[in-house]
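The values are calculated or read from the model by the stated rules, or taken from the named source; none is laboratory data. What you are looking at is a predicted structure, and each value in this text was computed from that prediction instead of being measured. Cβ placement follows ideal geometry from the backbone for every residue including glycine, while neighbour counts extend to all protein chains displayed. Accessible surface is based on the protein model in full, side chains and every heavy atom, while ligands, DNA and RNA are left aside. Shrake-Rupley method; radii C 1.70, N 1.55, O 1.52, S 1.80 Å.
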Amino acid sequence: MGDSVSVHQSLGGGSVADLLLWRNRTGAVILLVSSTGFWFLFERAGYNLLSFVSNVLLLLVAVLFLWAKSATVLNRPLPPVPNMEIPEEFAIKAADDLRLWINYVLSIASDITIARSPIRLLQVSFFLLVISYVGTLINSLTLVYIGVLLSLSFPIVYETYQDHIDDKLNSTSKFVRSVSRKFPMPVSKEKKHQ
């Protein structure tokens, strides 16, 4: 492999990379089984996500209430409810990441409107049309499920057959470059102003 970066390193090298490459088999199996269960529950069984969340929270609140009432009557300890606070560092990091993403979207909008970039307009239009078309074909929950399945399969397949895939991608890239050289590129001619 030489100087190339390993798949594990390119995925961040941490616990997420271990999960996606099935080095943490327990976590990968739990992710696969739970995502399959949720997909089946919501997509095939026809259960609604909002009603599911509402029913789970209702059950949780009722159990905690009855546990707390019985604990005071029977002189038992109260239910162990964790301190539910968002740490300030997490909130600042999330806000900073959100700010970077919003600024990126605004820079694209600026390219389209102020700079009048037709290439950027075509890119965004094509991307939105693809999303719209895929949305008409597939339910969003199914799309998320397919994304989970692909994220659990592509990295391990690529890591296993990296040399073969890289060879095929290089030959395809060379072929596309040779074909694209046969088509003349338009030369932009600017008007000269006196």
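Screening segment 60-100 for residues that are surrounded by 10 or more Cβ atoms within 10 Å (Cβ to Cβ) and assigned to a loop (DSSP other than H, G, I, E, B) and picking the one that is modelled with the lowest pLDDT gives PRO79. Out of everything in segment 9-29 that is more than 18 Å from the chain's Cα centre (by Cα) and part of a helix (DSSP H, G or I), what residue ends up being modelled with the lowest pLDDT? Within segment 9-29, the match that is modelled with the lowest pLDDT is GLN9. As for segment 49-71, it holds no residue that is closer than 24 Å to ASN139 by Cβ and of a type in the set (D, E, K, R). Listed by first and then second residue, the pairs with beta-carbon distance under 9 Å, at least 6 apart or on different chains, first residue in segment 21-37 and more than 18 Å from TYR145 (Cβ to Cβ), second in a loop (DSSP other than H, G, I, E, B) and among the aliphatic types (A, V, I, L, M), are LEU21/LEU11. Total residues in segment 107-142 satisfying the condition of being open to solvent by 80 Å² or more (accessible area, probe 1.4 Å) and β-branched (Val, Ile, Thr): the figure is 5. When TYR158, TYR145, TYR104 are screened for being assigned to a helix (DSSP H, G or I), surrounded by fewer than 11 Cβ atoms within 10 Å (Cβ to Cβ) and of a type in the set (Phe, Trp, Tyr), only TYR104 passes.
Every condition in (1) over 29 Å from ILE30 (Cβ atoms); (2) of a type outside the set (D, E, K, R); (3) open to solvent by 50 Å² or more (accessible area, probe 1.4 Å); (4) modelled with pLDDT of 85 or more is met by SER173 except one, and the failing one is (3).
Out of contact with any Pro (no Cβ under 6 Å at 6 or more places or on another chain) and farther than 28 Å from TRP22 by Cβ - does that describe any residue in segment 138-151? Within segment 138-151, not a single residue is out of contact with any Pro (no Cβ under 6 Å at 6 or more places or on another chain) and farther than 28 Å from TRP22 by Cβ. In segment 107-124, of all residues being assigned to a helix (DSSP H, G or I) and either in contact with a Leu (Cβ under 8 Å, 6 or more places away or on another chain) or small (Gly, Ala, Ser) (or both), the one that is modelled with the highest pLDDT corresponds to SER107. Of note, TRP39 does not satisfy the criterion of being part of a loop (DSSP other than H, G, I, E, B), open to solvent by less than 70 Å² (accessible area, probe 1.4 Å) and either within 30 Å of ILE156 (Cβ to Cβ) or of a type in the set (A, V, I, L, M) (or both).
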